[in-house]
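The values are calculated or read from the model by the stated rules, or taken from the named source; none is laboratory data. None of the values given here were measured: they were computed from a predicted structure. In this analysis, Cβ positions are derived from the backbone assuming ideal geometry, glycine residues included, and neighbour counts consider all displayed protein chains.
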Amino acid sequence: MRRKVVYFKLHKCKLCCKTKQSEVSRESLLAELKYDITPENAPRFAADVAVVVEANEGVTLDYSPRSLETIDRIIGGFHVEGVNVEDVAATVFGFGCYVGEVFVRNAGAKWRAASQDEIDNVFGVPLVLQLGRDVTVNAIGKVIKRLENGDEENLPYFYRAFAKRNRGSA
């Protein structure tokens, strides 16, 4: 099976990379994601994040809304360190899939592929969640914002706001 190749910059972080800083050029390099970027594979990306977080942080992620506190703390740490999204794109994508899986398992959301128009003009990412009939959740985009903007983009609050909104529309 052919894997989709996506352009990302290699980075050095204890969560997913063993590359030494001196081995990384400033130019964009190829990094292969383990799976194609499809709605069916989002849970696999999330599961990989859970394994790495347990190995590196000693925390078992259980896909509960409360587990988003751990994800928020990790991404917040990247923000404080001044990590750029471009430098950890694959990692951020995986964390976004984990956040999305919390919506799937606890709020009844379903993964879907974003259309090219949605990617270009609305979401900026290839996978989003459908929550109910009228609500679309961009979990990957929210993790990107958390990294870029810091505490104001709180992930547990994001979940609570959308889950409550969905309950209110039922």
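When R105, R112 are screened for being closer than 16 Å to A46 by Cα, in contact (Cβ under 8 Å) with a residue 24 or more places away in the chain, outside any helix (DSSP H, G or I) and not hydrophobic (A, V, I, L, M, F, W, C), only R112 passes. Any residue that is in a helix (DSSP H, G or I), closer than 23 Å to D36 by Cα and in contact with a His (Cβ under 7 Å, 6 or more places away or on another chain) - is there at least one of those in the range 67-89? The answer is yes, given that some residue of the range 67-89 is in a helix (DSSP H, G or I), closer than 23 Å to D36 by Cα and in contact with a His (Cβ under 7 Å, 6 or more places away or on another chain). When D36 is tested against (1) part of a helix (DSSP H, G or I); (2) out of contact with any helix residue (DSSP H, G or I) (no Cβ under 9 Å at 6 or more places or on another chain); (3) at pLDDT 50 or above; (4) of a type outside the set (A, V, I, L, M), only condition (1) is not met.
Residue-level check: of (1) free of Cβ contacts under 8 Å to residues at least 12 places away in the same chain; (2) not in a helix (DSSP H, G or I), E152 misses just (2).
Hey, could you check the range 88-126 for residues that are among the charged types (D, E, K, R) and buried (at least 17 other Cβ atoms within 10 Å of the Cβ) and say which is modelled with the lowest pLDDT? Going through the qualifying residues, I end up with E118.
Can you say whether V125 is under 16 Å from A90 (Cα atoms) and within 14 Å of the chain's Cα centre (by Cα), as far as the supplied structure shows? Spelling it out, V125 is indeed under 16 Å from A90 (Cα atoms) and within 14 Å of the chain's Cα centre (by Cα). Identify, please: which residue in the range 39-52 is surrounded by 13 or more Cβ atoms within 10 Å (Cβ to Cβ), among the hydrophobic types (A, V, I, L, M, F, W, C) and farther than 16 Å from G141 by Cβ and is, among those, modelled with the lowest pLDDT? Out of the qualifying residues, it is V52.
Does G168 satisfy the condition of being surrounded by fewer than 18 Cβ atoms within 10 Å (Cβ to Cβ) and modelled with pLDDT of 95 or more?
Details: surrounded by fewer than 18 Cβ atoms within 10 Å (Cβ to Cβ): yes; modelled with pLDDT of 95 or more: no.
Judged against the criteria, G168 is not a match.
Quick check on the range 53-70: of everything there that is touching a residue at least 24 places away in the same chain (Cβ under 8 Å) and under 16 Å from G100 (Cβ atoms), which residue is surrounded by the fewest Cβ atoms within 10 Å (Cβ to Cβ)? Checked the range 53-70; the qualifying residue surrounded by the fewest Cβ atoms within 10 Å (Cβ to Cβ) is S64.
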